[in-house]
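Report on the structure given below.
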Amino acid sequence: MMKEKNFIERFKETLLDCSEMPAITDYLKHRTMSYSDVARVIARFHIIYELCGINKGDKIALIGKNSSSWVVSYISIVTYGAVVVPILADFNPFDAANIINHSQSKLLFADKNIWKTIKDSKFDFLQACVDLDSEEVLMDVSADGLVTESFVHSADRFDERFANGFSAEKISFANVEDNDLMIISYTSGTSGLSKGVMLSLGNISNNVNFALEHKFHFRGSRVLALLPLAHAYGCAFDMLTPLATGAHITLLGKMPSPTLLLSALKDVKPHLLCSVPLVMEKIVRKNILPRLEKQPLKFLSHIPVVNSVVYRKIRKAMLQSFGGCIKEVNLGGAALAPDVEDFLLKIGFPFAVGYGMTECGPLIAYAPHEEFQKGSCGKILPGMELKIDTRDEGVSEGEICVRGKNVMLGYYNNPQATAAAIDTDGWLHTGDVGIASANGVISIKGRCKSMILSSNGQNIYPEEIEAKLNNMEGVSESLILEEKGRLVALVVPDFDDVKRRGLSLQYLKEKMQENLKNLNKIVASYEKVSDVRICKEEFEKTPKRSIRRYLYPKNAKIWNND
């Protein structure tokens, strides 16, 4: 059986085959690089790394918002054979500096403004920091200013090396094996602990090859990248997969407002969109469902023969608002709200909910929209095994455990955490509780750490109660917590609705008490909630928009009578 090509092999082929095609566009700066432009920058950076004395396996950190400079720096690092350490731009300065130290990074590419917040930190291994956009050397403690000299003379060395003309086939890419370390990705989890996930070239290539097999992207396809590329989800499917096949990536470069997002979708006309469920939920709840509540649509949608026509029109309008060329919207990073999922299934909108984690680079399960099953998050990937660790006989739910091609090498310089996550048989314990069908379709119940054990021994999964509460009038998001043996709900109201309607605090309190009564009618007896408290601001979240549960209730700012 012929060995599948790895990412670096595929990317080199793309540089040769798609040289004059557009590769990366900075949407807000109206700046586009062709694959030929990308190849030239990579070749020059390889020369710089040589001059700086960077060796295969050395660590180079990267922190900044999504940009063409960020992408090219990243690719230049991994194709040289060094290890890239992508750091999320919204990590606090203390954490960012710790990651640079913990990873033993020798070189740092950073946005100048981010560097200002961390430059006074003590760095044990870092030799220099370079501005991502301008390539200005912001700090250099290398011997005799070697890094600065390398950047100054890189253009001359490039001209010398390619005196007979430059072309992509002349770039010398490193010989990287599938088991070689490619990325150290520091998680930004809901537990508050950041660990360096070691991902091999093989881990990443398995994700990319699966995505290409399922036509996520193809030569000439258009990508609108919304997710942070420093995160495993965005990295794999908004950057690495497109670059492996000759797609055109447009980087939004900032968290999109609804107006900016709709404008970009119209301009870019992407073929596939990767997003978190929160974006889709806002589109459906704020732009689509309110229209259905208006007459005569509300009346028509209740007539069986006519509603299919109405739903087709809604689906067509939604697809058009996504640019008109969308084949599928892939959602991941959190559960999709049941009411939104029901609506999308009802109108036949092409969406899929996948399941993954950074430790698998990231994909664990996926099913295309034609095969998607309600309440699930896809089917276990080929090359991966699935086990539900039920612990007790006769119980179908338990911790989701996986092993196989996508599972990480371990946590960098953290053998204790690695041993806790991957058992002696090679099973990665995900920390998620779920159930699985005989053919490997996964449905998630919640997180092991957030599960609450009731006084009568029942397992309570807060996420399931929250999904019901979030579907009620006036609720934007919620958290179910245990307090002195009872369940309490923290609720963030829909502030846009509050402002638009000029609602008083007293009205909100009455509405939330009404919601509480209705909630307790539709949950199990052991899931009943005793109290609801209104929060002044939305919950703090990770970059993939998961609530940092460990911060609450301590950090909750409750809306009192003042």
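The values are calculated or read from the model by the stated rules, or taken from the named source; none is laboratory data. Because the structure is predicted, anything quoted here is derived from the model rather than measured. Every residue, glycine as well, gets a Cβ built from its backbone with ideal geometry; the counts of neighbours run over all protein chains shown. To get the accessible areas, we keep the full protein, side chains included, count just its heavy atoms, and leave off ligands, DNA and RNA. Shrake-Rupley method; radii C 1.70, N 1.55, O 1.52, S 1.80 Å.
Checking the stated criteria, E149 turns out not to satisfy the condition of being within 33 Å of the chain's Cα centre (by Cα) and open to solvent by 10 Å² or more (accessible area, probe 1.4 Å).
Can you spot a residue in the stretch 523-539 that is within 25 Å of the chain's Cα centre (by Cα), of a type outside the set (V, I, T) and surrounded by 13 or more Cβ atoms within 10 Å (Cβ to Cβ)? Checked against the condition, which is being within 25 Å of the chain's Cα centre (by Cα), of a type outside the set (V, I, T) and surrounded by 13 or more Cβ atoms within 10 Å (Cβ to Cβ), the stretch 523-539 yields at least one hit.
Counted as qualifying within the stretch 450-562 are the strands (runs of 3 or more DSSP E) with 3 or more residues that are under 26 Å from G434 (Cβ atoms), namely 475-483, 486-493. Taking every residue in the stretch 547-558 that is farther than 24 Å from P277 by Cα and pairing it with any residue that is open to solvent by 70 Å² or more (accessible area, probe 1.4 Å), at least 6 positions away or on another chain, the pairs with Cβ-Cβ distances below 8 Å are N555/E540; K557/K536; K557/E537; I558/K536.
Taking every residue in the stretch 513-524 that is under 11 Å from L487 (Cβ atoms) and pairing it with any residue that is in a helix (DSSP H, G or I) and open to solvent by 90 Å² or more (accessible area, probe 1.4 Å), at least 6 positions away or on another chain, yields no pair with a Cβ-Cβ distance below 9 Å. The sole residue among E13, E20 that is part of a loop (DSSP other than H, G, I, E, B) and open to solvent by 10 Å² or more (accessible area, probe 1.4 Å) is E20. Is it fair to say T418 is of a type outside the set (A, V, I, L, M, F, W, C) and in contact with a helix residue (DSSP H, G or I) (Cβ under 9 Å, 6 or more places away or on another chain)? No; evaluated as a whole, the condition is false for this residue. Within the stretch 394-403, identify whether any single residue is open to solvent by 10 Å² or more (accessible area, probe 1.4 Å) and under 23 Å from the mean Cα position of the chain (by Cα), and answer yes or no. Scanning the stretch 394-403 turns up at least one residue that is open to solvent by 10 Å² or more (accessible area, probe 1.4 Å) and under 23 Å from the mean Cα position of the chain (by Cα).
Looking at L490, L519, just one residue is within 26 Å of M255 (Cα to Cα) and open to solvent by less than 20 Å² (accessible area, probe 1.4 Å), and that residue is L490.
When the test is whether a residue is among the small types (G, A, S), in a loop (DSSP other than H, G, I, E, B) and out of contact with any Gly (no Cβ under 6 Å at 6 or more places or on another chain), A334 passes it. Filtering the stretch 96-120 to residues that are surrounded by fewer than 17 Cβ atoms within 10 Å (Cβ to Cβ) and in contact with a Phe, Trp or Tyr (Cβ under 8 Å, 6 or more places away or on another chain) leaves only N101. Note on the stretch 80-186: enclosed helices (runs of 4 or more DSSP H) holding 3 or more residues that are within 30 Å of N203 (Cα to Cα) and modelled with pLDDT under 95 are 93-102. Give the residue that is most open to solvent (accessible area, probe 1.4 Å), with candidates limited to residues of the stretch 252-285 that are aliphatic (A, V, I, L, M) and part of a loop (DSSP other than H, G, I, E, B). So the residue we want is M255. When you check V71 against the structure, is it in contact with a helix residue (DSSP H, G or I) (Cβ under 7 Å, 6 or more places away or on another chain), in a helix (DSSP H, G or I), surrounded by fewer than 21 Cβ atoms within 10 Å (Cβ to Cβ) and β-branched (V, I, T), yes or no? In short, no. Kindly evaluate S443 against the criterion of being among the small types (G, A, S), farther than 30 Å from D180 by Cβ and surrounded by 16 or more Cβ atoms within 10 Å (Cβ to Cβ). The answer is yes for S443.
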